[in-house]
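Structure first, commentary second.
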Amino acid sequence: MSIIFYDIPSTSPGYSVSPNTWRTRYCLNLKGLPYTTEWVEFPDIKTLYEKLGVPPTSKTLDGNPHYTLPMIYDPSTQKYISDSLAIAQYLDAQYPGTAESGRGTIFPSGSAGVIQNFAETAIPLMMDARYLITWSLFRKLNLSNATYYRALREATFGMKMEELVPDDKLVNEIATLEGIMKEIDTLYSNTNKGEGTYLVGDVISWGDIMLAAVLVIFRISWGEDSELWKQLTSWHNGRWGKLMESMNRYE
């Protein structure tokens with residue numbers, strides 16, 4: 001039986017614009033595991049958890065239950081797992097990558113320190129692009145999801161969604177993103193010593209998946225033929241274009 005993967009739909013059929021769920025999709029495809037996608041609207045996530053009897057992913061700062069996607073159900077173990085990192089760790093443990101299995105490995109041997117350093121460095125850097133990421137994601141949500149997401153993010157940011165990246169600030173936001181990606185480019189170069197497409201060289205790891213899960217949102221939102229996407233994929237000697245091209249087979 002196939003794994004069930006719970007994802008969030010967008011206005012691009014078959015594609016999500018959630019970086020968190022993209023992490024899990026990349027992992028499932030890297031593993032070559034059979035799965036089916038069940039699309040769940042943002043407002044229905046809590047109801048899904050309650051219907052399935054699955055405990056919340058976490059709790060908010062004020063102690064309320066917090067329900068998020070991605071989530072998977074593995075019929076072979078009869079387990080529900082939520083949170084992209086927990087899912088990735090589960091898949092590597094339950095379906096290890098071996099030459100015989102033909103499966104990839106999400107956390108290659110000896111990469112734990114590298115991945116942790118990357119996460120601790122790159123994720124805070126990407127926070128400087130949070131307005132651009134949020135704006136790009138929001139543009140591709142259907143009405144039900146957009147209404148929910150708008151209320152959530154406007155409460156967080158204290159401004160209207162349209163104020164996050166107004167037309168006259170887009171150039172500045174893209175420049176900020178390029179600066180962030182330059183720092184991540186340096187991190188890649190220092191880590192893999194200039195060898196290979198990926199963070200640890202010639203093999204994909206969780207670090208690449210985390211980054212690609214953000215970059216793919218820009219491609220879906222802006223369009224593959226857009227000038228913005230062409231700019232991004234050309235930066236830093238085309239590193240990001242090469243990375244995303246190599247990740248296409250895991251979409």
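The values are calculated or read from the model by the stated rules, or taken from the named source; none is laboratory data. This one's a predicted model, so the numbers in the text were calculated from it and none came from an experiment. All Cβ positions, glycine included, derive from the backbone under ideal geometry; neighbour counts span all protein chains shown. Keep in mind that these areas ignore ligands, DNA and RNA; they rest on the heavy atoms of the full protein, side chains included. Shrake-Rupley method; radii C 1.70, N 1.55, O 1.52, S 1.80 Å.
Okay, residues lined up against (1) of a type in the set (D, E); (2) without any contact (Cβ under 8 Å) to a residue 40 or more places away in the chain; (3) more than 21 Å from I133 (Cα to Cα):
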residue: I4; (1), (2), (3): no, no, yes
residue: D7; (1), (2), (3): yes, no, no
residue: V17; (1), (2), (3): no, no, no
residue: Q78; (1), (2), (3): no, yes, yes
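Against the list (1) surrounded by fewer than 14 Cβ atoms within 10 Å (Cβ to Cβ); (2) under 21 Å from the mean Cα position of the chain (by Cα), the condition V114 fails is (1). Being closer than 27 Å to E178 by Cα and of a type in the set (A, V, I, L, M, F, W, C) is a property that holds for I123. Taken over region 51-81, the criterion of being in contact with a strand residue (DSSP E or B) (Cβ under 7 Å, 6 or more places away or on another chain), β-branched (V, I, T) and under 17 Å from T24 (Cβ atoms) is satisfied by V54, T57, T68, I72, I81. Restricting region 74-93 to residues that are at negative phi and not in a helix (DSSP H, G or I), the residue that is least open to solvent (accessible area, probe 1.4 Å) is D74. At least 3 residues being under 24 Å from R23 (Cα atoms) and out of contact with any Leu (no Cβ under 6 Å at 6 or more places or on another chain) is the threshold, and among the helices (runs of 4 or more DSSP H) wholly inside region 143-228 those reaching it are 143-157, 170-192, 206-222. Number of residues in region 233-251 that are in contact with a Lys or Arg (Cβ under 9 Å, 6 or more places away or on another chain), farther than 20 Å from F118 by Cα and not in a loop (DSSP other than H, G, I, E, B) equals 2. Say whether the condition of being modelled with pLDDT of 90 or more, part of a loop (DSSP other than H, G, I, E, B) and farther than 14 Å from D208 by Cα is met by at least one residue in region 122-130. Scanning region 122-130, I find no residue that is modelled with pLDDT of 90 or more, part of a loop (DSSP other than H, G, I, E, B) and farther than 14 Å from D208 by Cα, so the answer is no. When each of I115, I180 is tested for being within 24 Å of S10 (Cβ to Cβ) and touching a residue at least 40 places away in the same chain (Cβ under 8 Å), the lone residue that passes is I180. Taking region 125-153 as the range and being open to solvent by 70 Å² or more (accessible area, probe 1.4 Å) and within 16 Å of the chain's Cα centre (by Cα) as the test, the residues that pass are M127, R130.
For (1) in contact with a helix residue (DSSP H, G or I) (Cβ under 8 Å, 6 or more places away or on another chain); (2) exposed (fewer than 15 other Cβ atoms within 10 Å of the Cβ); (3) in a helix (DSSP H, G or I), each residue gets a yes or a no:
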{"residue": "G14", "(1), (2), (3)": "no, yes, no"}
{"residue": "Y26", "(1), (2), (3)": "yes, no, yes"}
{"residue": "L33", "(1), (2), (3)": "yes, no, no"}
{"residue": "E50", "(1), (2), (3)": "no, yes, yes"}
{"residue": "I72", "(1), (2), (3)": "yes, no, no"}
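None of T191, T233, T176 is on the phi < 0 side of the Ramachandran plot, surrounded by 18 or more Cβ atoms within 10 Å (Cβ to Cβ), at pLDDT 95 or above and of a type in the set (S, T, Y) except T233. Taking residues in region 54-65 that are under 19 Å from I87 (Cα atoms), and partners anywhere that are hydrophobic (A, V, I, L, M, F, W, C), the pairs with Cβ atoms closer than 9 Å and at least 6 places apart or on different chains are V54/L48; V54/M71; T57/L69; T57/M71; T57/A86. Number of residues in region 236-251 that are in contact (Cβ under 8 Å) with a residue 60 or more places away in the chain and open to solvent by 30 Å² or more (accessible area, probe 1.4 Å) equals 3.
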